[in-house]
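The values are calculated or read from the model by the stated rules, or taken from the named source; none is laboratory data. Bear in mind the structure is a predicted one, so any value in this text is a computation, not a measurement. Cβ: placed from backbone, ideal geometry, glycine included. Neighbour counts: every protein chain shown.
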Amino acid sequence: MTFTKKDIQYIITIAFSALVYAFGIESFVSSGNLFPGGFAGISRLVVMLIERQIGLVIPFGVIYWIMNFTVVLFIWNRIGHKFVLYSILWFSLSSLFSIIINVPIVTQDMLLIAVFGGLINGFAIGLALRSNASSGGTDFIAIDLSVRLKRPTWNYLLGLNAFVLMLAGLAFGWDKALYSIIFQYVSTQVVNTMHQRYKITRVQVITDHADKVCDAVFSTVRHGITRIEVEGAFKHQPHTMLLITVNNYQLPEVINCIRKADEHAFMTLNAVEKIIGNYYQKPLE
């Protein structure tokens with residue numbers, strides 16, 4: 001496991017993401033008594049139940065850190081070590097920031113809290129994921145499923161959070177639980193939009209320089225290419241069609257290298273719902 005200049009950029013982004021997340025928790029989630037998804041929601045529920053039952057106020061960050069670190073002990077050998085270390089850094093910093101920062105309440109309107117709190121929450125988590133980290137907890141589960149199923153699974157987390165919301169509704173009222181659903185939905189959609197690693201695109205390329213384009217793609221990503229000899233219907237000139245399947249995280253690099261190899265290449269892009277068969281997905285470090 002080696003560290004590069006890119007890792008320094010990741011660490012800075014992770015720290016900023018953790019700060020944004022803590023701001024969202026303290027300024028929106030806590031003020032609206034909402035329940036985020038995953039371990040954050042469970043932590044909020046535990047904190048509120050302890051305070052109501054015995055009057056003891058435990059910081060959200062303490063419970064959140066303990067729960068996440070416990071999961072790390074079980075998934076250490078299942079996911080890349082650098083990814084896990086970055087995730088530990090993220091949820092440790094977000095836990096610390098949520099304890100030490102003092103932020104004002106932005107609004108008392110529950111709908112605004114749910115929508116904008118969800119946007120901030122999703123942005124922070126999405127930023128962490130783009131920096132090779134996660135918020136831990138159920139994110140580890142979603143990432144593991146994405147690798148196995150070869151498609152994004154973030155929307156499935158809404159189902160995993162249903163039990164927490166049911167308990168929250170029974171304990172603290174269904175209005176908070178319902179607003180929390182809005183919060184979680186907005187957050188999940190933002191994460192799903194920002195995190196492109198497990199979204200797959202098929203690139204169709206029509207070119208007269210197939211060998212040059214293939215060499216450029218092979219030097220950029222580790223994916224196979226299907227070559228089909230085709231003919232233009234208008235001028236009846238021969239061309240080569242190349243079929244390449246890549247994830248959206250790699251897509252800009254692939255398009256750029258094709259353009260450099262053949263600036264006149266014609267490309268179309270199609271979203272892939274699911275892959276059956278051999279497809280290489282670079283593992284998390």
Response to the item:
Scanning the range 4-45 residue by residue, those of a type in the set (Ser, Thr, Tyr) and farther than 22 Å from Ala142 by Cβ turn out to be Thr4, Ser27, Ser30, Ser31
Practice prompt. For Ala216, indicate whether it is modelled with pLDDT of 90 or more, more than 20 Å from Ile120 (Cβ to Cβ), touching a Cys at 6+ places or on another chain (Cβ under 9 Å) and of a type outside the set (D, E, K, R).
Written response: yes
Item to complete: Kindly indicate the residue of the range 11-52 that is aromatic (Phe, Trp, Tyr) and modelled with pLDDT of 90 or more and also surrounded by the fewest Cβ atoms within 10 Å (Cβ to Cβ) among those meeting that condition.
Response: Phe16
Discussion item. Looking only at the range 220-268, filter to residues that are of a type outside the set (D, E, K, R), closer than 21 Å to Ile200 by Cβ and part of a loop (DSSP other than H, G, I, E, B); which one of those is farthest from the chain's Cα centre (by Cα)?
Written reply: Ala265
Discussion item. Taking the conditions exactly as written (loosely packed, with under 13 Cβ neighbours inside 10 Å, hydrophobic (A, V, I, L, M, F, W, C), farther than 14 Å from Tyr64 by Cβ and modelled with pLDDT under 95), does Ile101 satisfy them or not?
Written reply: no
Practice prompt. Taking the residues in the range 182-231 that are in contact with a Lys or Arg (Cβ under 7 Å, 6 or more places away or on another chain) and small (Gly, Ala, Ser) as candidates, determine which candidate is surrounded by the most Cβ atoms within 10 Å (Cβ to Cβ).
Written response: Ala210
